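Here's the structure, in structure tokens; my notes come after.
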Number of protein chains: 2
Amino acid sequence: MNLMTKRELFLRACRKEPVDRTPVWLMRQAGRYLPSYRALREKAGDFLTLCRTPEMAAEAALQPVRQFGLDAAIVFSDILIPLEAMGVPLSFAEGEGPRLRPVSSAGDIKELRIPDPSESMPFVMMAIENLRSELGGRVPVIGFGGAPFTLACYALEGGSSRDFRKALQFLYSETEAFENLLDRITGALIPFLDAQARAGADAIQLFESWGGLLSARLYRRFALPRIRRIFASLKSAGVPLILYVNGASHLVEEMASSGADVLSFDSRTVLSEARERTSGAFCLQGNLEPSSLFAPREVLEKEISEILAKAPGRGHIFNLGHGVLPGTDPGKVKFLVESVERMTRSAP
Amino acid sequence: MNLMTKRELFLRACRKEPVDRTPVWLMRQAGRYLPSYRALREKAGDFLTLCRTPEMAAEAALQPVRQFGLDAAIVFSDILIPLEAMGVPLSFAEGEGPRLRPVSSAGDIKELRIPDPSESMPFVMMAIENLRSELGGRVPVIGFGGAPFTLACYALEGGSSRDFRKALQFLYSETEAFENLLDRITGALIPFLDAQARAGADAIQLFESWGGLLSARLYRRFALPRIRRIFASLKSAGVPLILYVNGASHLVEEMASSGADVLSFDSRTVLSEARERTSGAFCLQGNLEPSSLFAPREVLEKEISEILAKAPGRGHIFNLGHGVLPGTDPGKVKFLVESVERMTRSAP
């Protein structure tokens, strides 16, 4: 018996209230590992067109929810979209990841716009509205953005990188300009994320994909104040705020002081330790290693129960430690979702 | 007054004995940022020829010691050399990093040789002997190898990677073969590192560049037992054993149980916390962020004193958190070495 809708389930978990079972969704649950996604992507022609066409973006977000019964839909978009709206040209070469015209000087940073999201990124809000009406309030819709430090890393590097050394060197060599860049990105994100909440997003997640590169001291100086500003501005929207930081074992306390309601970790942070270090004050999200979906089912099942054993009884949202990997067997994703449901459902 | 030779200084620091000042060396101190290195590399023609020619390899190792007065020389080589000796073809494309013919099946792994280092890698031991005789026992010589998990990552991926997902997927999908690969690499490393110690290396460092990708649970299962086996075998050589793990904030306790004498961290692990978590039982090495060498001198100086403030009074070897970056100003390296010396020298 499902007494709660998935939306209630998810929102109650965010608030650490009792739930029938642990909700589960997966970062990058819409994506290349899904044949239906690859067909849609082909139809769109390219990745950015898919992001910018609300009907198709909504369809991409719905596919894994329909196919696997996931407990949340996340709007289909990319964290770099706001950078493009700020005036940083963006493209995606097939199989190569994002390319940006790198921001490389204080002058470049001064030229960045603070865009009006309803003019420059209306398709994101339209995709959220589409999702809301398709899901009829039964499944929660997650809106998102990249955290300012992570977006600054991409802007300075001109794409992805193993170590974002150009970005870190800029931090040290042009500290004032680096802070200006963070502030501009923050200024662009606040109205964008607020517009997503007003369009009907039930929760907002910030993705700090590269925050783990910084020591806690640098994180507190550069990254955290901007996240706090964003979350403080979003408080009035009344939706749960989720902070995901990749490689955050040394940043747990910093995440706890961000203003987030939900802290999301990769598989290197043991959830029971994160809970202890944050006095049990947060809903925790995570944190199965995505590569473990390549294991035989009996091993995968053990890995799932390992996560559940370390997760708080109340206030846990099951997720991966980072995105679903290309090449993942969709059957394993289905098995994962069913396993979490089976293992966490309380006796009737 | 320098009462101790650099060799005594270094070895006493490893044993946590009192020293005149904190010794300092830098990972990748010989390398592309140095004009003299670039000239030598040009003369050699390519990187692997430089590694395989003992006179030139010794010269590359000596350059930064001469130019900056560093307190240790590290033999000039590459962690992938033993993989090549095991039968994995290796090349370095200009500016692109290493390329290996990927190991991709249990069958590939069975074919890997356990090489005799005196036959397949004699140039490493000869370079150490050259260094010893050039330095006359006044400056310590560090020998090194890659840790087995890190070498397995390179072998499976066929080169470097942002996330080594092929390697992690292989760990989960072909666990037995993955363990065999680790065991073979371990079998190759033990005689190789022992031969380096017998050739005159004053200390041996294991580089676990990618161990930080694993959770502590996986690290204990896959990576740590092999490191313990290596260090146990090297104990009789009587030289300090250094374990460097990149991204190790969640692996401090695992490092402490490895059998190492010195634990080396990147800039994300605060040394005072590492010391507390290991009950002060180890010499700690590290851990200035290499990008901070791009900061103005007054900022760099503050960053150095920040490291020194967190480091143990006895049993600290100053180093970077990872290698010197290409593009680093050699003048800043000189300033760094002089600053550490000035800031840590006890009053006469």
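The values are calculated or read from the model by the stated rules, or taken from the named source; none is laboratory data. Only a predicted model underlies this, so the values are computations on that prediction, with no experimental measurement involved. Methodologically, a virtual Cβ is constructed for each residue, glycine included, from the backbone with ideal geometry; neighbour enumeration extends over all protein chains shown.
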Out of all the residues in region B:230-247, is one or more assigned to a helix (DSSP H, G or I) and at the interface with another protein chain (Cβ under 10 Å from one of its Cβ atoms)? no
Kindly indicate the residue of region A:143-190 that is small (Gly, Ala, Ser) and within 17 Å of A:SER215 (Cβ to Cβ) and also nearest to the other protein chains (Cβ to nearest Cβ) among those meeting that condition. A:ALA167
Please go through region A:15-36 and pick out each residue that is crowded, with 22+ Cβ neighbours inside 10 Å and either free of Cβ contacts under 8 Å to residues at least 40 places away in the same chain or touching an Asp or Glu at 6+ places or on another chain (Cβ under 6 Å) (or both). A:PRO23, A:VAL24, A:TRP25
The conditions are (1) buried (at least 24 other Cβ atoms within 10 Å of the Cβ); (2) within 14 Å of another protein chain (Cβ to nearest Cβ); (3) within 25 Å of A:ALA127 (Cβ to Cβ), and A:GLY211 fails exactly one of them. Which is it? (3)
Quick one: which residue in A:ILE142, A:ILE204, A:ILE128, A:ILE185 is touching a Lys or Arg at 6+ places or on another chain (Cβ under 9 Å) and modelled with pLDDT of 95 or more? A:ILE185
Taking only pairs six or more apart or across chains, which ones have beta-carbon atoms under 7 Å, a first residue in region A:88-106 that is over 21 Å from A:GLU176 (Cα atoms), and a second residue that is of a type in the set (D, E, K, R) and part of a strand (DSSP E or B)? A:SER91/A:ARG99; A:ALA93/A:ARG99
Residue by residue through region A:236-271, note down the ones that are small (Gly, Ala, Ser) and under 18 Å from A:LEU320 (Cβ atoms). A:GLY247, A:ALA248, A:SER249, A:SER264, A:SER267
Of all residues in region A:270-322, how many are acidic (Asp, Glu) and within 11 Å of chain B (Cβ to nearest Cβ)? 4
Regarding B:ARG342, is this residue in a helix (DSSP H, G or I) and charged (D, E, K, R)? yes
Output the helices (runs of 4 or more DSSP H) that fall wholly within region A:89-147 and possess 1 or more residues being of a type in the set (Ser, Thr, Tyr) and more than 23 Å from A:LYS166 (Cα to Cα), or say none. A:117-120, A:122-135
Any residue in region B:146-173 that's polar (S, T, N, Q): show its pairings with residues that are assigned to a helix (DSSP H, G or I) at Cβ separation under 6 Å, as long as the two are six or more apart or on different chains. B:GLN169/A:SER291; B:GLN169/A:PHE294; B:SER173/A:PHE294
Residue in region A:110-119 that is within 25 Å of A:VAL333 (Cβ to Cβ) and either of a type outside the set (Phe, Trp, Tyr) or surrounded by 18 or more Cβ atoms within 10 Å (Cβ to Cβ) (or both) present: no
When you go through B:LEU241, B:LEU263 one by one, which is the residue that is without any contact (Cβ under 8 Å) to a residue 40 or more places away in the chain and over 27 Å from A:ALA248 (Cβ atoms)? B:LEU241
Looking only at region A:214-229, how many residues end up being in contact (Cβ under 8 Å) with a residue 12 or more places away in the chain and within 14 Å of chain B (Cβ to nearest Cβ)? 8
When (1) basic (Lys, Arg); (2) crowded, with 16+ Cβ neighbours inside 10 Å; (3) out of contact with any Lys or Arg (no Cβ under 6 Å at 6 or more places or on another chain); (4) within 19 Å of B:SER264 (Cα to Cα) are applied to B:ARG41, the one that fails is (4)
Mind checking which pairs have a first residue in region A:46-57 that is under 11 Å from A:SER77 (Cβ atoms) and touching a residue at least 40 places away in the same chain (Cβ under 8 Å) and a second that is assigned to a helix (DSSP H, G or I) and among the charged types (D, E, K, R), Cβ under 8 Å, 6 or more apart or different chains? A:PHE47/A:ARG41; A:PRO54/A:GLU129
Restricting attention to region A:155-190, report how many residues are touching a strand residue (DSSP E or B) at 6+ places or on another chain (Cβ under 6 Å) and surrounded by fewer than 22 Cβ atoms within 10 Å (Cβ to Cβ). 3
For region B:248-280 the number of residues that are assigned to a helix (DSSP H, G or I) and farther than 22 Å from B:ARG314 by Cβ is 1
Only one of these conditions is not met by B:LEU193: (1) surrounded by fewer than 24 Cβ atoms within 10 Å (Cβ to Cβ); (2) part of a helix (DSSP H, G or I); (3) hydrophobic (A, V, I, L, M, F, W, C); (4) away from chain A (no Cβ under 14 Å). Which number is it? (1)
Those residues of region B:283-303 that are in contact (Cβ under 8 Å) with a residue 60 or more places away in the chain and either among the hydroxyl-bearing types (Ser, Thr, Tyr) or within 15 Å of B:GLU254 (Cα to Cα) (or both) come to a total of 0
Exactly one of these conditions fails for A:ARG101: (1) farther than 20 Å from A:ILE230 by Cβ; (2) crowded, with 22+ Cβ neighbours inside 10 Å; (3) in contact with a strand residue (DSSP E or B) (Cβ under 9 Å, 6 or more places away or on another chain). Give me its number. (2)
Can you tell me which residues in region B:1-27 are of a type in the set (Phe, Trp, Tyr) and part of a loop (DSSP other than H, G, I, E, B)? B:TRP25
Qualifying residue in region B:337-347 (condition: at pLDDT 95 or above, surrounded by 15 or more Cβ atoms within 10 Å (Cβ to Cβ) and under 18 Å from the mean Cα position of the chain (by Cα)): no
Mind listing whichever residues of region A:203-222 are hydrophobic (A, V, I, L, M, F, W, C) and touching a strand residue (DSSP E or B) at 6+ places or on another chain (Cβ under 7 Å)? A:ALA203, A:ILE204, A:LEU206, A:PHE207
By residue number, the members of region A:196-207 that are surrounded by 24 or more Cβ atoms within 10 Å (Cβ to Cβ) and either within 14 Å of another protein chain (Cβ to nearest Cβ) or part of a helix (DSSP H, G or I) (or both) are A:GLN196
Over region A:290-331, the set of residues among the charged types (D, E, K, R) and either under 29 Å from A:PRO240 (Cα atoms) or not in a helix (DSSP H, G or I) (or both) is A:GLU303, A:GLU306, A:LYS310, A:ARG314, A:ASP329
Within region B:248-269, take every residue that is within 14 Å of chain A (Cβ to nearest Cβ) and among the aliphatic types (A, V, I, L, M) and give me the one that is surrounded by the most Cβ atoms within 10 Å (Cβ to Cβ). B:LEU251
